[in-house]
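Visitor: Let me begin by handing over the structure; questions about it come next.
The values are calculated or read from the model by the stated rules, or taken from the named source; none is laboratory data. Quick caveat, the model's predicted, so the values are computed rather than measured. Here the Cβ positions follow ideal geometry from the backbone for every residue, glycine too, while neighbour counts run over all protein chains shown. In case anyone asks, the SASA skips ligands and DNA or RNA and just uses the protein heavy atoms, side chains included. Shrake-Rupley method; radii C 1.70, N 1.55, O 1.52, S 1.80 Å.
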Amino acid sequence: ELEEASEDEEKKEDSVRTADSVIEEVSGSTIVVRTMRGNVKFDIGELFNIDQDNLSKEFATQASMYGFFAILAAEADRIYAMKTLLCEQEYAAADESYRAQMDLDGKKYTEAVVKSCVVRDEEYSKMLTEKENANYELDIIKAIVRAFEQRSMMLQSLGSHLRHEYEMQGMNIRERDSETFAEKSVDNVKQAISQRRRLAKNVDEASSID
């Protein structure tokens with residue numbers, strides 16, 4: 001029992017993933033998506049990387065990248081709809097064919113028997129696989145679109161944070177300038193008072209001599 005428990009603990013430890021490990025794994029990961037214009041390959045890490053030293057570029061490309069993948073999502077949705085229609089048509093054709101063949105052979109059949117024959121039909125299975133693949137690719141592109149929506153919000157938040165930092169730095173500079181100005185003003189007042197005192201002393205000394 002202790003050995004089984006330790007094996008379970010090892011499995012749990014193996015399943016623990018850190019944010020850094022996930023980011024490292026994503027970096028360099030690629031995905032191939034079928035579009036109306038052919039297959040397109042993407043680097044997931046590059047797609048969602050944000051260059052904090054060049055936010056202007058990130059803001060400029062965000063909208064176009066989001067629009068590009070939104071179009072891909074629409075195309076993938078259309079492909080999936082077409083595959084679904086073809087799959088349904090193939091099912092109907094296979095269903096009709098098997099019923100006709102059983103009638104010709106004089107065999108009695110039930111709906112379950114016909115359905116069993118259709119789902120095992122090679123051509124229908126091929127169509128069904130293509131439909132499932134199209135649905136999988138559609139889900140991936142939709143996930144990328146949602147990720148770009150999250151990226152947009154992160155860019156806005158990051159931009160707001162940086163603007164706040166710049167404003168705080170500007171306030172600090174203005175405060176330092178104000179303090180310097182105040183210090184200079186105080187020094188100027190002190191100098192003026194000292195000059196008046198010296199002048200008054202000189203006048204008194206001159207009067208006493210006379």
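Visitor: Go through 56-69, 106-119 and give me the packing order, highest mean Cβ count within 10 Å leading. Display every interim value, and only then the final one.
Guide: Values: 56-69: 13.8, 106-119: 11.9.
The packing order, highest mean first, is 56-69, 106-119.
Visitor: I need the phi-derived Karplus couplings for the stretch 78-91: 6.51 cos²θ - 1.76 cosθ + 1.60, θ = phi - 60°, integer Hz, Gly and Pro marked x.
Guide: Result, rounded to whole Hz: 5, 4, 4, 5, 5, 5, 5, 5, 5, 5, 5, 5, 5, 4.
Visitor: Using the structure shown, list the pairs from Lys83/Lys142; Lys57/Lys142; Lys41/Lys126; Lys57/Lys131 with a Cα-Cα distance above 29 Å, or answer none.
Guide: The pairs that break the limit, which is 29 Å between Cα atoms, are Lys57/Lys131.
Visitor: Which order do Leu162, Leu138 take when ranked by solvent-accessible area (1.4 Å probe, heavy atoms of all protein chains), largest first?
Guide: Final ranking, largest accessible area leading: Leu162, Leu138.
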